[in-house]
Each structure stands twice: as C-alpha cells, then as structure tokens.
Amino acid sequence: RSVYDGEEHGRFMEKLEARIRNHDREIEKMCNFHYQGFVDSITELLKVRGEAQKLKNQVTDTNRKLQNEGKELIIAMEELKQCRLQQRNISATVDKLTLCLPVLEMYSKLREQMKSKRHYPALKTLEHLEHTYLPQVSHYRFCKIMVDNIPKLREEIKEVSMSDLKDFLESIRKHSDKIGETAMKQAQQQRNLDNIVSQHPRISGGKKSKKELSASSDLEVKNTSPMSEQDSGILDVEDEDEDDEVPGAQDLVDFSPVYRCLHIYSVLGAQETFENYYRKQRRKQARLVLQPPSNMHETLDGYRKYFNQIVGFFVVEDHILHTTQGLVNRAYIDELWEMALSKTIAALRTHSSYCSDPSLVLDLKNLIVLFADTLQGYGFPVNQLFDMLLEIQDQYSETLLKKWSGVFRNILDSDNYSPIPVTNEEVYKKIVGQFPFQDAELEKQPFPKKFPFSEFVPKVYNQIKEFIYACLKFSEDLHLSSTEVDDMIRKSTNLLLTRTLSNSLQNVIKRKNVGLTELVQIIINTTHLEKSCKFLEEFITNITNVLPETVHTTKLYGTTTFKDARHAAEEEIYTNLNQKIDQFLQLADYDWMAMEPGSKASDYLVDLIGFLRSTFAVFTHLPGDVDVHSTMSGKVAQTACMSACKHLSTSLMQLLLEAEVRQLTLGALQQFNLDVEECER
C-alpha cells in the first residue's frame, strides 16, 4: 500500500527484480547439487515405463479375454434373474389366490344357496364371507363389488323369506278348516277314549292321550332344524275316516317357513319387525275366520266349518307359541282368544236364534261342546261357551215346546175320544206297558173289554217322556251337576205341561162343535193323566238320580194342568147344555092371551126334556172303574143337572117377565104351570 501510495514504484520493481535473481541463483545452486540423482531417477523412470507398458498390454489382453468369457455368464445370470422374478411372482400369486379362492368359493356357495332357496344357510354364508374372508382381500376390485352387493343380497334374502312366510300364511288360512277338523276329531277320540276308560277302568287304551300326542308332535317339530330346506306350507293328508288313528293337527303343517323367516330376521336384527308383521297378518286372518257366513244357521255343516276354521287358527297359534321364543306370547294369544270368544258367542247367539229345528239345535250344542273341549285341551278358557250353551238350552226348550205343540195337536185331533177296546192279553199288556194303569176290576173282566180312557192318554204320556229324554240329551256333556240337570228338566217339563199341553187341551175343549161325549171323555182322560204325574216324577228321579226330597227340587205342575183342563171341560159341558136349552127355548111360542090351557106340556119342553134325558144317559153309562164312574162322572152329572135346572128355571122366569108381555090370561098361566110341573116331574 505504501508502494502504491508513494512515488517509489520504479524503485520497488528494481528491488524485486534483484530479489528474483538472487532466488534463481540459489535454485540453480541447489539443482546443480542434486542433478545426478535427478538423472538417475529419470533413467529409473524410463525403465519403469517399459515395464508398465508390458503390464498394460497384459492387462488389456486379460481384460479382453475376461470380457469374452463374461458375456455368456451375464446372459445366464440375466436368465436366472428372470426365473427368480417369475418364481417370486408365482409364489405371491399362489398366496393371493389362496386368500381369494375361499372368498370366491364362499360367494359361489352363497349364489347356489340363494338359487336353491336355502336362505338361512345363505345368510350364515354371507356372514362368514363378510366378516372372515373379505377383510383379508379387501383391496381387490372384485371384492369391493362383493362388499357392495352384500346389503342387496341381505335385502333379497329378507324379501324372499318374507314371500315364503306370506305363502305359508295364505296356505294356513286355506287349510285351517282341515287343521281344525283334525284337532276336533282328536278331541272326539280322546273323549270317546275317556268314556271307555271311565266305564272300564282296568282297560288301558292303546292310543295316546291328547297331551301325549301334542308332546310327541312338539318333539318332532323341535327336532326339525330351522335350516330345513323344504318350504312346503301344508302337507297333503288324505281323509282317513276308517282309520282309528287321526293324524295330529301339527302333523298336517310344515312350520319350517316360519322358523326360517324368524331366524333370518333375528340374524338381520329385524326380529321385532317380523313379529309385528306376523301378528298383524294373523289378526287380519282371525277377523276373517271369525266372520260367519250369512247362511251358517241353515245347516250343521255351516257351523262345523266355522268351528273348524277357528280351532285350526288357534291350534296353529298355540303351536307357534310353544315352539318359538317371542314370536307370539301368552298375552297376544289371550287377547286374540278374548276377541274370538266374544265374536263367536255373538255369532252363535244371532244364528242359533234363527233355528227352529230342535234336532239341529241339539246337534249344534254337541258341536259347541266338542269345539269347547278341543280348545280347552289346548289351554284356552271356555267357561263363557258353556254359559252360552245354557242360553241356547232355553231356546232349545222353546223349539221343543213348539214341536211338541204340533205333536200334541196331532194326537188330540186324531183321537176318537172313545175308550180303548182290547181283544186279547197282548194288546192289554202293551197299553199297560205304555201307561201306568192298574185296575183289579178291569183285569178280572173277560176279553173283549175297554180301558176307561181313549188313545190320547198313553200317547200324551209317552210324548211327555220323550220330551224329558230330549231335554236330558241337551244336558249331556255340559258339566252340570245332577241337581242342575234335574232342575233344568223339571222346569222345561213344567213349561210343556202348563203351557203347551194345557193350551192344546184348552183348544180342543173350546173348539166348535165339540160333543158332550168328547168332553166327558176328556174329563176321564185328564183324570188318569193327573194320576200319572207321580210316575213322571219317579221317571225324572230315575234318570237324574236326584231324590224329590232334595232341597230346591222343582215340583211338577202336571196335577194343576190336568185339573184346569178338567174344570174347563166341565165348564164347557155346562155351557153347551145351557146353549142347547136356549136353542129349545127359542122354539117356545106361548099364546099369552089364550083363554084355555092345553091338555099337555108344550112340545118344545117335551123335546128339551127328552134331549136332557139322553144327554145324562151318556154320564150314567160311562165305562171305567167304579171310582171314576161314581165320583167323577157322577159329580159332573149332578153339577150339570143342577146347572141345567137352574138355567132352565131362570130362562122360564125371564120368558114370563119379558117386557113384551104386557098382559096374560089365566089360561096362558095354567099352560105355563103345566110346563113347569113337567120340568119338576
């Protein structure tokens, strides 16, 4: 910096040059000192160069040879490399395929199961596929497609299984008639078996009881896997009326569609949806089943089909209750049964009220009892049905009374109202066998002889017994005590006597143109029927085994009925006689201004007395035992005579005191006196 700052630049350059020259001289000295060694080194180096050239040539030659030899090795190594790569790829592919093949196999199996409608196994396969196999190979495109398809497949399984359930429900609806018929046949068999066992306690029946049958059929159903692949709703079973064994109601139905569908929906987490759907559909079906046909009351088959369908419905529900968990519960069944019971009872009340044939009402009662027993066997309460049967019993009594009204009318209309003639012992015993009549006097008489009563007495007596039998038939199987049965029969019989028979007798007595002979015979007949009432009491006691002395036992009012009829007949006799007297009196033609009386009584009066004489001859010549003749006929004759005399005297007095008779002569009075004396005589 000082050189550049000052003016001594030239001088500095000179000094520098001088310094360089000094250094050059030192270098030259140094080189001259070491020159020989340098020459020697160069010489050595030249020698080394020659050797190095040789070495280079050798190396080049060796390298050329090595390169030529290495080309084949490189080709072989390249091939080995490719093989190793392929081997690694194959191994990786095998590993991947080992993972993928089970997925594809499972998917193929799933499609096959779907195709063959094995939906529950298909659902299990789908679960394995989704949770076990697909996660291992989820990065493949085909697996993603499968994953996307799984919800669709699930939905498809749901739809198809629901379709199977709908088919099953439809099939059950169509076949509930057959199921119910079978269940009721079983109940009938069981009842027959119970009756046989109760009659012969030592004989043990070879058939299973209903409970055993139900248990065995339940066991069979439980052993049937829900994965069963058969989807048939109802199995075909031929009618085998001739066979002793009736197939169990559960044997007629394949419940596997319900079990499968329930399992499928449970696995899919939609069990509640399934339960609600099933219950809703079955409620609809119940309402349809409980709707009776409008013409049900016309035939017994109409009622039978109605009951069969109801029984079939509840047999299915009971079986579902005991073979599934939660699909239906006891509360749901009880609710359905309450509805069914109220609707059935209402329908029966309505339709049975149209029925006027007692035999149809009796058949209906037997059918209702069988219906109740069948459902009771499945644990349903049926007390209301038996209560309703007591209502129907009143209606049955009414239809019986109507029928017997016609029977009595025919008997009374066709009777000849004359004593029954018997020509031999056989006929005599036959009539005594039909009617409880004992008369030592009549038995001693030789044939031919006559019973005091006419044919309607044994006929009416037997019809009363037939009526009692008809009432007894209705009380069978109603689970009533002997006292209740006895009371029911006595009340119905009292209605028959006091209303039906009484009306029939009154109609005969009151009808026009009834003869005095007929009226007298009716009096005799009713007297004998009155005496037979104690035998009717005994008859009822024998068939019900309830003694008349028992508390609350209703007494028969037959005595009153026949007494009333007899009194009516007597009154009719008195009335008829008085009417006849009036007819004769209309012929009286007194000349109140006659100056002289006639020589004899008036013609009309002579005719009247002749009529009365012949009439009272009927009373005095009645056949029959002494008691009837003397007490009953004699009393009626006396009363009739008194009534006739009183009526005649009153009428004669009225003739004399008529307003039209303004004046009369002594001759007319004497003629009138002649007539009165004739009457007196």
Please express the Cα-Cα pair-distance distribution P(r) of the range 85-199 as a list of whole percents, one per 5 Å bin, running from 0 to the bin with the greatest distance.
2, 10, 14, 13, 10, 8, 7, 7, 6, 5, 5, 4, 3, 3, 2, 1, 1, 0, 0, 0
What do you get for Rg/Rh of the range 445-587 when both radii come from the Cα atoms and Rh is the Kirkwood radius?
1.10
Quick check: Cα centre of the range 21-52 to Cα centre of the range 408-428, how many Å?
187
Taking the reciprocal of mean 1/r across every pair of different Cα atoms in the range 335-459, the Kirkwood radius in Å is 18.6
Just the accessible area per residue of the chain, please: how many Å² with a 1.4 Å probe?
58
Run the Debye formula on the Cα coordinates of the chain, all scatterers equal and no solvent, and tell me log10 I(q)/I(0) at q = 0.11 1/Å.
-1.17
On alpha-carbon atoms, Rg over Rh for the range 297-377 using Kirkwood Rh?
1.05
Over the Cα atoms of the range 8-136 the radius of gyration and the largest Cα-Cα distance (Dmax), both in Å, equal 43.2, 121
Kindly report, to the nearest 10 Å², the accessible surface of Lys117 as traced by a 1.4 Å probe over protein heavy atoms only.
110
Using a 10 Å cut-off on Cβ atoms, rank the peptides 43-53, 153-163 from the highest mean neighbour count down.
153-163, 43-53
Farthest positive-ward along the chain dipole, Cα basis, beta-carbon charges - from Gln638, Asn673, Ser294
Ser294
Given only helices, namely DSSP H runs of n ≥ 4 each adding -39500 (n - 2.57), what is the per-residue ellipticity at 222 nm of the chain, to the nearest 500 deg cm²/dmol?
-25500 deg cm²/dmol
Semi-axis lengths (Å, descending) of the ellipsoid that matches the C-alpha gyration tensor of the range 276-414:
37, 14, 11
Accessible area of the range 328-410 with a 1.4 Å probe: how many percent of it is carbon plus sulfur?
50
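The values are calculated or read from the model by the stated rules, or taken from the named source; none is laboratory data. Model, not experiment: these values are computed from the prediction. Heads up, the Cβs are rebuilt from the backbone with ideal geometry, glycines too, and the neighbour counts pull from every protein chain shown. In case anyone asks, the SASA skips ligands and DNA or RNA and just uses the protein heavy atoms, side chains included. Shrake-Rupley method; radii C 1.70, N 1.55, O 1.52, S 1.80 Å.
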